[in-house]
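Here is the structure we will look at, set down as structure tokens.
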Amino acid sequence: MWNRKLVQAAIVMGAFAIATPVLMSSDAATPKKAMPAKAAPKKTATAQTANSGIPVTVSDQIPGELNPTGGGAPAATPYQAAAFAWQEFIALNWPTAPQTPQNPMREQSGGTACPFGSTTCGTPLVWETMRSKVETFPGNNKPPPGYVNQAPNYGYDAPPAYNYGNGVIDGPCNPAQANDPTPWINLDETDQITLDNMYAGAAPANVTDGNSAPQLIRFLAKSNRVQYQYVTSNSNPNSEVTAWWNVIPASIDQATKAYLATNMAAPPPGSSTMISNRNGTIELKAGWRELTSTEASSGRFHTQMVRFYEQGKSKFSVCWRDSTWGLVSLHVIQKTPTAPYFIYATFEQGDNILTAGGQPVEDADGVPTHITDKNGNVITPPATATTPQVCMMDPIPNPPDKSEPTYPSASGSVVLGPPSNCMGTQSGGTYCTSPGQEIYYLNAAGDPPNSEPDGGFICVNKRINPITPDVITENMNAHTAIKQYLAGIGAPSSPFLYYKLVNVQYVPYDHVVPGTSQANDGWLYMPNTSQPSSGQNPTSGSYYLANIVVETNRSLQQFSGGLSPNISTVWNADDTPHKNSYYGGHFYNMGGCMGCHGSQGQNPTTNPSGDFSVILSRGAVITPETPAPPSSTGATAVARNRSLSK
């Protein structure tokens, strides 16, 4: 096992240009060069790491491009991409300026008056004030809350309001909360894109605050002003069928998919006749959970008031509750001029992966830790990523006809391992019955054989693809810069010292399946280890980019190709390789987050195109999700506000 010294030895020397900060003017369709902000932070700190990787600066300016002076995102190094991701994270987690109900000033940094990592102003963070998906895509057949038919902002800065389908929301579960301020954090997803439920064994075991599933990790999706302006400027508020906040019109969808098929590239950004988000579009997905009193007082979690949902008075209604929870994951994706496919970065709270006894498997930088027994003796960590081990079976379909050549194959399955072609030493297929403080998941009930194992809980021992040395180095650099900044403002610490980057995807890569013999655990991508990692030779951790609490089951941890219906497969129904992402005249079989957004967002077969944006593709959000009770055959069915596409 390598350690920190080996990490430092694996560093690329020298510093490179990372990003040009941009601000979005209120009436602009594209980013403009940043001008000095009235409240721009004067106190910044840059990590000095003796040329180890790329320095990270604590700044409230969101970078608008990766590697702008060196060829853009496609020509960036992994170190540059990781440093870019950290610059996004820091700026997005900057406290906003003081707000009033009448003037919430969404996305406005508080600058030096509200320093990074402090609670001086008591305000939400920049990204927290971005619109939840239901605020841009309401479910009640009406314009978004606060909408005014006036460019450029169309009422974007209205206070938060969550308008689902008529009759869906009963109101507060607890009448005493009826007059509480509406939280910025709206947790209306309870699963991993409908495939499984994710739990944290370290969370409280008993029901508190009316949370019927206290160990369940719940999620939200948000997007920024740029996407809201794009959607509202192309919507007719007097016509449901031409309002993009309801659904993409069929003619727009058809024109988009025809363009993609012909040009193998996205339409020009900001198009009004086809779907192509403007440059500067940012979307986020965040995971939150209830904390124990020890966790809440540890200073290791960013906490915020959240809204979550429970079963309502009828089978078809829900009620809401507000409570203070902790942030455990944050996805950030951004479309830039040289990355029309978006740049994908994912962060985690440092204590997500624990042993059953509560020992961390990684430190806050992502370096594997030594696990010990009760006597302090170092013990060998589990050989497999999960208990029980799960393995992908993805045979070439060899169909009887070619009626659906572009649809993903439905021949695959995930099985309890290990079968003969599965890596690892664990034997048997016994479900995990005692997670302790481990994270664990339960797959949604499916129809075998095309399903994930759904007969019990599966515990997570470690990542399938470890955090790579380049990312660990940039985590160290970022944490060093944050510590220096905090010292400069006289702050003792910050929860953000305990968050880490997992990896970044910044250019598509086409994993060509050999089609001759089946590899271990499916048709896995393997990097060329004799060459340095890059966008053209990504590490497995980059190609299969996945957050351990957002994309946890086998089909999500190592996604590539497509989903049919809930199993990752690299095959079409006619034996040809399944591709998912168009860029630069090429059709890619991309993996991880980018591949999934290509499959489900850019070019979904059974949903409108959304230009790598799944929330734009799916449109109106009819209902918030409530917990799916576990059963002996998986997570039971509940109303979902998303659907998967072939």
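Across the range 332-357, what is the total count of residues that are under 30 Å from residue 67 (Cβ atoms) and open to solvent by 20 Å² or more (accessible area, probe 1.4 Å)?
3
Could you list all residues from the range 244-303 that are touching a residue at least 40 places away in the same chain (Cβ under 8 Å), assigned to a loop (DSSP other than H, G, I, E, B), surrounded by 18 or more Cβ atoms within 10 Å (Cβ to Cβ) and of a type in the set (S, T, N, Q)?
246, 276, 277, 279, 281
Let me spell it out: the conditions are (1) at positive phi; (2) modelled with pLDDT under 95; (3) of a type outside the set (Val, Ile, Thr), and residue 107 meets all of them except one. Which number is the exception?
Every listed condition holds for residue 107 apart from (2).
Give all pairs with beta carbons closer than 7 Å in which a residue from the range 600-625 that is closer than 21 Å to residue 145 by Cα meets a residue that is of a type in the set (Phe, Trp, Tyr) and not in a loop (DSSP other than H, G, I, E, B); count only pairs at least 6 apart in sequence or on separate chains.
Sorted first by the residue in the range 600-625, then by its partner, the pairs are 624/309; 625/309.
Quick check, is residue 317 more than 24 Å from the chain's Cα centre (by Cα) and open to solvent by less than 10 Å² (accessible area, probe 1.4 Å)?
yes
Just one of the numbered conditions (1) among the hydroxyl-bearing types (Ser, Thr, Tyr); (2) open to solvent by less than 10 Å² (accessible area, probe 1.4 Å); (3) free of Cβ contacts under 8 Å to residues at least 60 places away in the same chain is not true of residue 369; which one?
(2)
Just give me the residues in the range 231-243 being open to solvent by less than 30 Å² (accessible area, probe 1.4 Å) and in a helix (DSSP H, G or I), in sequence order.
231, 232
Do you know which residues across the range 376-393 are touching a residue at least 24 places away in the same chain (Cβ under 8 Å), open to solvent by 50 Å² or more (accessible area, probe 1.4 Å) and either among the polar types (S, T, N, Q) or farther than 13 Å from residue 416 by Cβ (or both)?
Residues satisfying the conditions are 381, 382, 383.
Starting from the range 168-188, take each residue that is small (Gly, Ala, Ser) and list its partners that are part of a strand (DSSP E or B) and open to solvent by less than 60 Å² (accessible area, probe 1.4 Å), counting only C-beta distances under 9 angstrom and pairs at least six apart or across chains.
171/319; 171/320; 178/171; 178/172
Out of all the residues in the range 197-219, is one or more in contact (Cβ under 8 Å) with a residue 40 or more places away in the chain, open to solvent by less than 50 Å² (accessible area, probe 1.4 Å) and over 30 Å from residue 356 (Cβ atoms)?
No, the conditions are met nowhere in the range 197-219.
Which of the strands (runs of 3 or more DSSP E) contained wholly in the range 439-519 include at least 2 residues that are closer than 17 Å to residue 79 by Cα?
In the range 439-519, the matching strands (runs of 3 or more DSSP E) lie at 499-505.
Just the residues that are touching a Gly at 6+ places or on another chain (Cβ under 9 Å), surrounded by 21 or more Cβ atoms within 10 Å (Cβ to Cβ) and at positive phi, please, taken from the range 137-196.
Passing the criteria: only 154.
The values are calculated or read from the model by the stated rules, or taken from the named source; none is laboratory data. Since this is a predicted model, take the numbers as computed values, not measurements. Heads up, the Cβs are rebuilt from the backbone with ideal geometry, glycines too, and the neighbour counts pull from every protein chain shown. When the accessible area is computed, the model is the full protein with side chains, heavy atoms only, and any ligands, DNA or RNA have been set aside. Shrake-Rupley method; radii C 1.70, N 1.55, O 1.52, S 1.80 Å.
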